[in-house]
1. Is it the case that the range 116-129 has a residue that's surrounded by 10 or more Cβ atoms within 10 Å (Cβ to Cβ), farther than 25 Å from residue 71 by Cβ and within 20 Å of the chain's Cα centre (by Cα)?
2. In the range 70-103, how many are closer than 22 Å to residue 53 by Cα and not in a strand (DSSP E or B)?
3. Just wondering, is there one or more residues in the range 67-81 that are out of contact with any helix residue (DSSP H, G or I) (no Cβ under 9 Å at 6 or more places or on another chain), touching a residue at least 24 places away in the same chain (Cβ under 8 Å) and more than 30 Å from residue 135 (Cβ to Cβ)?
4. Pull out all pairs, ordered by first then second residue, where Cβ-Cβ is under 6 Å, the residues are six or more apart or on different chains, the first lies in the range 119-147 and is on the phi > 0 side of the Ramachandran plot and free of Cβ contacts under 8 Å to residues at least 60 places away in the same chain, and the second is outside any loop (DSSP other than H, G, I, E, B) and exposed (fewer than 10 other Cβ atoms within 10 Å of the Cβ).
């Protein structure tokens, strides 16, 4: 009896591409499944009104002593910190999906801000940073004159 095998020329190519993608994810700190880190940490929301920019960062379980916030160059915000894993003295882990360790995020802001007036508040695991826009970047209504 003769056995027929289907020729699949791309199997090796797809395998190599999957391996390269896994390596890129590892290098850039992204991973999927298995409780490993996914995406960028901490996740941020950024919005504005006429006077301020606002940034919210999810940081549940953070100790404020392990958190640093910087504004540099007038339009860059950096958040650095370290979330330490909880210690389990009596027992053992079955699953540990939350991310722990050092992190850092730097984002370019859409406007220059007055770094002397930046305020930060931490409530219910959410860090809210209020960044007042510099006067020259705020919208200014122009009066139109008529004859």
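Derivation of every value follows stated rules applied to the coordinates shown; laboratory data play no part. None of these values were measured; they are calculated from a predicted model. Glycine also receives a Cβ, built like all others from the backbone with ideal geometry; neighbour counts cover every protein chain displayed.
1. no
2. Number satisfying all stated conditions: 3.
3. Checked the range 67-81: no residue is out of contact with any helix residue (DSSP H, G or I) (no Cβ under 9 Å at 6 or more places or on another chain), touching a residue at least 24 places away in the same chain (Cβ under 8 Å) and more than 30 Å from residue 135 (Cβ to Cβ).
4. none
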